[in-house]
Amino acid sequence: MKKIFLALPLVCLGQTLWAQDDAKLIEKAKKIHAKVFTLDTHADTPMRMVGKDFDISKDNSKDGKLPDSKIDFPRMKKGSVDGIFFAVYQGQGPRTPEANAKVQKMAMTILDSMYAQINRHPEMGKIVTTQEEALALEKAGKSSIFIGVENGYQIGNDLSYIQKFYDRGARYMTLCHSSNNDICDSSTDPKGPEFNGLSPFGEKVVAEMNRLGMMIDISHLSDSTVWDLIKLSKAPIVATHSDAYAVLDHPRNLNDDLLRAIAKKGGVVQLNLLSSYIKASPKNPEREAAVADIRKKYTSGGAMSDEQMKAMRTEMRELNKKFPVPLATVKDAIDHLDHFVKIMGVDHVGIGGDYDGGGYLADCFDIAEYPNLTIEMVRRGYTERDLKKIWGENFFRVMKDVQKVGAKIRAGDMAMK
Ligand SMILES: [Zn+2]
């Protein structure tokens, strides 16, 4: 009996000390999070800007009301997220001249809408293309919006569209999305490989992106496409939103051999925060069939109209209510990041949350909750120096390296002429 009476206060004291230590750690992590430049390299917010009812200067978090975006200027500020890459995204549609013309036109509409929306609020943030501009904005307390293009389908068969995108500020292009296109094979096309990697047109796309100094994004690409790029690209390559296959064997995730090769080539892999790539959810065939039906209904026809986007989101919300799925947590996500660091080292990893494209976690629902990621990383022993690299420096370094390669190629071009 005596022993129990003695042990109890000790247990309580231990817990109190632990809670105090953890509170200190959280404080420290929050300070680091606010201090370092925090960059997220992939979000799918721009499609929401094509509609009339999205306002990036307002907090759009009110549950149940459209548009259900997880990102806007007020919440970037709240979550101390200093910069974000917004993706000009369109799902894969038919590969015909008519459909190509339609997506090319729509891509320009998305860009126009994004510029119009962001330029309306210069006191809150701006569209930028360099680390230097972003750091200056951070000092002034403003947010930086970078541009990427997700799905090379949007260039059609016209190489000159790559420069069009570059000139309008895009600094990376994800070569494909969830299906194969004219450039390359995807990791998730149900029909399987079409080219066993890059197509002959895809090889020209790579040469043009290298020449311009535009980053090649390998997220969504099949393993054989990534291997082709590792051989062919003159510049480092990036995965703007991908997870680790060794932690979860999803076809969208990258295996260790690929991770090593990407790092060896000087590239970077950015952690995706999309729950189903992080942790397997219990099988639910009824839900899976319903999701497949919705996808088929809305995404098989190429570009979606504003009304279709709204209708799809409403149907998805209803479906999530009917078949709730347990979401992965920040801890589960950082397990993938730990694995990246183990395989590639801390100089080759970053964060690309895929918010507004399906990314979010149980305890990191929107961009305002991003400090939770830093808290978990600090808990696991990552230092301020590590966090500075992970939260932006690594990606900015690759961005500059890719531009240097482009400048060299262009100098060679000119010397030859
Ligand atoms: Zn994606």
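The values are calculated or read from the model by the stated rules, or taken from the named source; none is laboratory data. What you are looking at is a predicted structure, and each value in this text was computed from that prediction instead of being measured. Backbone-built Cβ (ideal geometry, glycine too); neighbour counts: all protein chains shown. Heads up: the accessible areas ignore ligands, DNA and RNA and are worked out on the full protein's heavy atoms, side chains in. Shrake-Rupley method; radii C 1.70, N 1.55, O 1.52, S 1.80 Å.
Numbers for the structure displayed
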{"read-out": "Those residues of the range 249-260 which are within 17 Å of Lys342 (Cβ to Cβ) and open to solvent by less than 20 Å² (accessible area, probe 1.4 Å), in sequence order", "value": "Asn253, Leu254, Leu258, Leu259"}
{"read-out": "Verdict on Gly381 being at pLDDT 95 or above, out of contact with any Asp or Glu (no Cβ under 8 Å at 6 or more places or on another chain), within 16 Å of the ligand (Cβ to nearest atom) and outside any helix (DSSP H, G or I)", "value": "no"}
{"read-out": "Candidate set from the range 135-175 (those that are of a type in the set (Gly, Ala, Ser), under 18 Å from the mean Cα position of the chain (by Cα) and over 21 Å from Ser186 (Cα atoms)); member that is surrounded by the fewest Cβ atoms within 10 Å (Cβ to Cβ)", "value": "Gly169"}
{"read-out": "Members of the range 208-234 found to be more than 16 Å from the ligand (Cβ to nearest atom), in contact (Cβ under 8 Å) with a residue 60 or more places away in the chain and charged (D, E, K, R), listed by number", "value": "Arg211, Lys234"}
{"read-out": "Which numbered condition Gly350 fails, given (1) buried (at least 22 other Cβ atoms within 10 Å of the Cβ); (2) over 28 Å from Lys234 (Cβ atoms); (3) among the small types (Gly, Ala, Ser)", "value": "(2)"}
{"read-out": "Test: residue in the range 176-193 that is assigned to a helix (DSSP H, G or I) and free of Cβ contacts under 8 Å to residues at least 12 places away in the same chain", "value": "no"}
{"read-out": "Residue satisfying all of: in the range 225-234; under 20 Å from the mean Cα position of the chain (by Cα) and of a type in the set (A, V, I, L, M); nearest to Leu212 (Cα to Cα) among these", "value": "Leu229"}
{"read-out": "Residue within the range 95-108 that is within 20 Å of the chain's Cα centre (by Cα), at pLDDT 95 or above and at negative phi present", "value": "yes"}
{"read-out": "The range 226-241, residues that are farther than 24 Å from Ala407 by Cβ, open to solvent by 10 Å² or more (accessible area, probe 1.4 Å) and not in a helix (DSSP H, G or I)", "value": "none"}
{"read-out": "Considering residues of the range 235-252 that are within 16 Å of the ligand (Cβ to nearest atom) and hydroxyl-bearing (Ser, Thr, Tyr) only, the residue farthest from Tyr277 (Cα to Cα)", "value": "Thr240"}
{"read-out": "Answer from Arg317, Arg410, Arg313 - the residue that is farther than 30 Å from Val291 by Cβ and either touching a helix residue (DSSP H, G or I) at 6+ places or on another chain (Cβ under 6 Å) or open to solvent by 20 Å² or more (accessible area, probe 1.4 Å) (or both)", "value": "Arg410"}
{"read-out": "Residue list for the range 198-224, restricted to those being assigned to a helix (DSSP H, G or I) and within 20 Å of the chain's Cα centre (by Cα)", "value": "Met209, Asp223"}
{"read-out": "Residues of the range 261-297 satisfying the condition of being of a type in the set (A, V, I, L, M), assigned to a loop (DSSP other than H, G, I, E, B) and open to solvent by 50 Å² or more (accessible area, probe 1.4 Å)", "value": "Ala280"}
{"read-out": "First in the range 349-377 and farther than 15 Å from Asp243 by Cβ and away from the ligand (no atom under 16 Å from the Cβ), second anywhere and assigned to a loop (DSSP other than H, G, I, E, B) and open to solvent by less than 20 Å² (accessible area, probe 1.4 Å), Cβ under 6 Å, 6 or more apart", "value": "Ile367/Ile71; Ile367/Gly79; Ile367/Val81; Ala368/Gly79; Tyr370/Gly79; Tyr370/Val81"}
